[in-house]
Every structure is written in structure tokens, then in C-alpha cells.
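For reference, the structure discussed in these notes is given below.
The values are calculated or read from the model by the stated rules, or taken from the named source; none is laboratory data. Just so we're clear, the structure is a prediction, and the values are computed from it rather than from any experiment. Glycine gets a Cβ as well: all are built from the backbone with ideal geometry, and neighbour counts include every protein chain shown.
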Amino acid sequence: MIEYVTAADLAAIMTIFREGDEEARLTAIRRLAHQPESPEDREAVLEALIEVMGDDSWQVRKEAVAAVLSWTDAELLAERLVDAMSEPEDIGRRNAVIEAVMKLGAVTIDPLLRALAKKPDYRKVLVDVLGTFGDTRVINALGESLLDEDANVRAAAMEQLASFQSHEVVPALRQALRSQDLLVVLAALDGLNRQRVVIPVDELLHMSEQTVLRPALMTALGHSQDAAAIPALVAGLVEKARGAREAALVGLYRLYNSLDTSGQRKIEEAAQKLDEVAVRSSLRALMEATPPVRQATAALIGWTGRREMLRPLLLGLGDVDASVVEATGRAILQMGEPAVAALLDLVPTLDARSRGSVFRFFLRHNSAISALPVALRERLAGLLFQGLSDKNPQTAAAAAAALPLHATPTQLAALRELAQQTGPAADLARSTLAKLSERPAAAAAPSAQVPAGKKDA
């Protein structure tokens, strides 16, 4: 049978919290965890629990939070917990109370909103807590807090609004772009970018003088779907701040994919006018940056058409991220037949891992490669045949996978001869011949055509 604590018992129990050791206090907490039947006792015990949430021991505070949350009278609990947030003298207790409020859930929203409407000095805390629920009921209150006289409250409200993944916050975020508070504008931009909201370019460009806004600004320009954003994004590629440069790269890549052929050509022409320093500085992103930046960097090199960038671009062919590998492949194909020929020239000079990456490139883009002149395809087939004897098993396997798609009559004869021998290369030759016999006559994966003769920029 549960023995409920009464108001009369509390004096002795609270003495334990003042004088007892940690174990004694934990035992006392467990007694308080049972919700009394009497309303008077219930209120008194709840007050005691909230008080001991400020205990010096984190274990006691944790148990106090758990004890409070075990109560079934959620409305009383929500009201009292929100009231307790107004007591700043004990930071440990306030943090424990905030934890309990957030765990209690949506039942605390109305008490929180009522508390915020009273404009207390702890309204930043209220804004922060309200924003964690992701409930659309709090959007209006947060929008009103954007006009608060306290800059910290404005910034907190903007940050919380920006975190909502809901179209309902878009009007408030758009309005906040006109704020004189740069922190508010930055949070608004971040929130709009998170939802990929299209903002007219002319609304964005006036922000370009503010250094702190540039990374978010470049991202927003990338979402604009407007070729008018191209000059600003290209200029962003040479920003001093790495964050702004990378945001410009990704933004330009996203914009490219949203434009028609005419718009894409404008980006390619702008990329071809970049100086050597600008292009080479972007190459570092292939090794150091996030996958979206590496992806965009590969695309940029493809737009420039500079075949001297082929060797460092090969990093992208061996990337661990499939989207980067795909973007790198498209970039090489975009450079045209001369780039593919230069790539074939590079193969004998590459390390085993890079050779394997190149062989897999020819496998993935079989359809485009099959449209190349016969002389190039024969060179490729010869390199793939040589690759069967590569000392690196993974490289040899990559060559064997690509060879059935590109084998010429000369390689077929050589394959049959090699298949009569013994060793790993002979095994791969037999496997390749088996794949050739199973392959339909016109089997080819769809891919982009290789431009016939793209010249260096």
C-alpha cells in the first residue's frame, strides 16, 4: 500500500534535504513522488518537489524532475512549473524546472503564453522554451516578440521562428528581413533558407554590404531561381571568409540546376572568366569541405573547361559520397572529348586507387563514352585490358567490370588468349567473357553526351 506524504509530514522531510546526505535525500524524493489525494496536501508536496529541484546533487535534481513528471494532475503541474521559471535566484533549479516543462509537453504552452503576455524580465527564457515545442500556436507570440525592446528577446524569438519547418512562419520571417537588427535578419535568412523559400534577388542584393550576412545571403541567392543572382554568386567565390565562399559555391550549383539552358550557359561563361587563383582556391574544397561543397566544386571545374584541372578533379571520382562522384563525372564529360582524351593520357601515371576510380567512371558513363570516336574507345579498351593485370585487386576488378562495355575485337581476341592461362588476370578474363556472352546487344546505361570539342577557357 502506497503511503502518501501529507502537508504535516513535510517539515521532517525538508529537514532531510537540509541536513541529510545524498542517499537520504534520494530516499526522501521517492516518498514525495506519490501524488497525494488531498488538494491541500497535493499542492504542498508539489511546492516541496519544486524547491528541491535546486539541490546541489545532479542526481537529486534528476530524481526530482522524474518525480514531478509522474504526477497525473498535469494542468496544476504546468501552471506551477511555469510560475517557478520566474525565480531566477537559483539557476540550478530554474534549469531543472525548464527541463520538466519541456518534458511535460504541450500542456505547458498556454501557461507559457500567458506568462509571456505579462512581459516579465525572464521572457527570453519563455521564448526559448516555447520555441522547442514546434507548435503553431506559438508563432503569433514569437512574431510579436520580434518587436520586443530587448535585443536578446528579439534574437531569441527570431531564432525560434526560424527553426519552424512550417509555411506559417514564412510571412513573419519575410517581414523580419526589413529589421534593423542584423541578428534578426540573419536568423530570418537562415529560416527562409532552411525552407528553401524563393526571395526576389533585388530584395537580397541590398544586404550584400553586411559581412555577417554573406554566407546566408549566398544561400538565399542560390534558391532564387533567377539568373540575376549570377554576378553576386560569382563574386562570392573570391570572398575572404571560407564560409561565404563555400555558400557561394553551393548556391551557384543549386542555381545552375534550377535555370534553363540559357541561364546555365551564363554561369558557364562566368566560370570561364575566373582567374587562376580563384579556380585553384576552390580546389581545396574537394578535400576539406562538406559533400555539397565538394559536389559544387567539381561542377565549377567542369564549367571552366580547364583540362589542366583534371588531375586534382580526380579526387572527386574517388570520393566516398556518391553525389560528389556523380557531379565529378558530369564535370569531366562537360569538358568534352579533349578532356576524356587527356584523362586516358593520365591513367598510366595514376596510383592504383585513382586508376580504379577512373575505370569506374567509364563504367558509369558507358553510354556517353560509347559515342566517342573509335580511336578514343580503342585506347580506352586497351587500358581496361591492361587493368586486368593490375597488382591492386580492386583496380583490376574495376577494369574487369568496365571492359565488357567497351571491348573491341582486338581485346576480345586478347581476352580469349588470356583466359587460357592461370592467375588472377586470367580469372578476370574468363569472368569478362562470361559477362560479354550474357550482355544484350544494345545494353547501355543512359548518360549525357560528351561535347565533341569543347575548348579551354
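Of these, ASP128, ASP83, ASP110, which one is assigned to a helix (DSSP H, G or I) and either touching a helix residue (DSSP H, G or I) at 6+ places or on another chain (Cβ under 6 Å) or among the β-branched types (Val, Ile, Thr) (or both)?
ASP128 is the lone residue from the list that is assigned to a helix (DSSP H, G or I) and either touching a helix residue (DSSP H, G or I) at 6+ places or on another chain (Cβ under 6 Å) or among the β-branched types (Val, Ile, Thr) (or both).
Need at least 3 residues that are without any contact (Cβ under 8 Å) to a residue 40 or more places away in the chain, more than 15 Å from ARG360 (Cα to Cα) and not small (Gly, Ala, Ser) per element, so show me which helices (runs of 4 or more DSSP H) inside region 371-425 make the cut, counting only ones lying wholly within it.
The helices (runs of 4 or more DSSP H) meeting that bar are 374-387, 409-419.
Looking at (1) surrounded by fewer than 18 Cβ atoms within 10 Å (Cβ to Cβ); (2) assigned to a helix (DSSP H, G or I); (3) at pLDDT 80 or above, which is the only condition ARG360 fails?
(1)
Which residue is farthest from ALA244 (Cα to Cα), if the candidates are limited to region 259-315 and must be acidic (Asp, Glu) and assigned to a helix (DSSP H, G or I)?
Filtering first and then ranking leaves GLU308.
Select from region 147-171 the residues that are in a helix (DSSP H, G or I) and over 24 Å from the mean Cα position of the chain (by Cα) and list them in ascending order.
ALA151, ASN152, VAL153, ARG154, PRO171
Considering only residues that are touching a Gly at 6+ places or on another chain (Cβ under 8 Å) and basic (Lys, Arg), which ones fall in region 352-368?
ARG353, ARG355, ARG364
Pull out all pairs, ordered by first then second residue, where Cβ-Cβ is under 9 Å, the residues are six or more apart or on different chains, the first lies in region 106-120 and is touching a residue at least 40 places away in the same chain (Cβ under 8 Å) and in the same structural domain as GLU79 (by TED's automatic domain parsing), and the second is surrounded by 14 or more Cβ atoms within 10 Å (Cβ to Cβ) and among the basic types (Lys, Arg).
Between residues of region 106-120 that are touching a residue at least 40 places away in the same chain (Cβ under 8 Å) and in the same structural domain as GLU79 (by TED's automatic domain parsing) and residues that are surrounded by 14 or more Cβ atoms within 10 Å (Cβ to Cβ) and among the basic types (Lys, Arg), there is no close pair.
Among all residue pairs at least 6 apart or on different chains, which show Cβ distances below 8 Å where the first residue, located in region 47-67, is under 17 Å from GLU79 (Cα atoms) and the second is crowded, with 17+ Cβ neighbours inside 10 Å and of a type in the set (Lys, Arg)?
What qualifies is GLU47/ARG80; ILE50/ARG80; ILE50/ARG93; GLU51/ARG93; MET53/ARG61; MET53/ARG93.
Which of the residues spanning region 17-46 are of a type in the set (A, V, I, L, M), farther than 12 Å from GLU63 by Cβ and not in a helix (DSSP H, G or I)?
Correct list: empty.
Is it fair to say VAL138 is surrounded by 14 or more Cβ atoms within 10 Å (Cβ to Cβ) and either touching a Gly at 6+ places or on another chain (Cβ under 9 Å) or without any contact (Cβ under 8 Å) to a residue 12 or more places away in the chain (or both)?
Answer is yes for this residue.
Among the residues of region 444-453, is any in a helix (DSSP H, G or I), touching a Gly at 6+ places or on another chain (Cβ under 8 Å) and modelled with pLDDT under 85?
For region 444-453, residues in a helix (DSSP H, G or I), touching a Gly at 6+ places or on another chain (Cβ under 8 Å) and modelled with pLDDT under 85: absent.
Would you point out the residue of region 85-101, among those that are among the small types (Gly, Ala, Ser) and at pLDDT below 85, that is nearest to the chain's Cα centre (by Cα)?
Filtering region 85-101 for residues that are among the small types (Gly, Ala, Ser) and at pLDDT below 85, the one nearest to the chain's Cα centre (by Cα) comes out as GLY92.
All but one of (1) part of a helix (DSSP H, G or I); (2) under 23 Å from the mean Cα position of the chain (by Cα); (3) surrounded by fewer than 18 Cβ atoms within 10 Å (Cβ to Cβ) hold for ARG353; which doesn't?
For ARG353, the failing item is (2).
Determine which single condition ASP55 fails, assuming it passes every other condition in (1) buried (at least 18 other Cβ atoms within 10 Å of the Cβ); (2) touching a Phe, Trp or Tyr at 6+ places or on another chain (Cβ under 9 Å); (3) in a helix (DSSP H, G or I).
Answer for ASP55: the failing condition is (3).
Within region 205-251, work out how many residues are part of a loop (DSSP other than H, G, I, E, B) and among the polar types (S, T, N, Q).
Qualifying residue count for the region: 4.
Which condition number in (1) surrounded by 14 or more Cβ atoms within 10 Å (Cβ to Cβ); (2) part of a helix (DSSP H, G or I); (3) not assigned by TED's automatic domain parsing to the domain that holds ILE16 is the one that PHE133 fails?
(2)
Looking at (1) at pLDDT below 90; (2) under 26 Å from GLN175 (Cα atoms); (3) not hydroxyl-bearing (Ser, Thr, Tyr), which is the one condition that is false for VAL277?
Every condition holds for VAL277 apart from (2).
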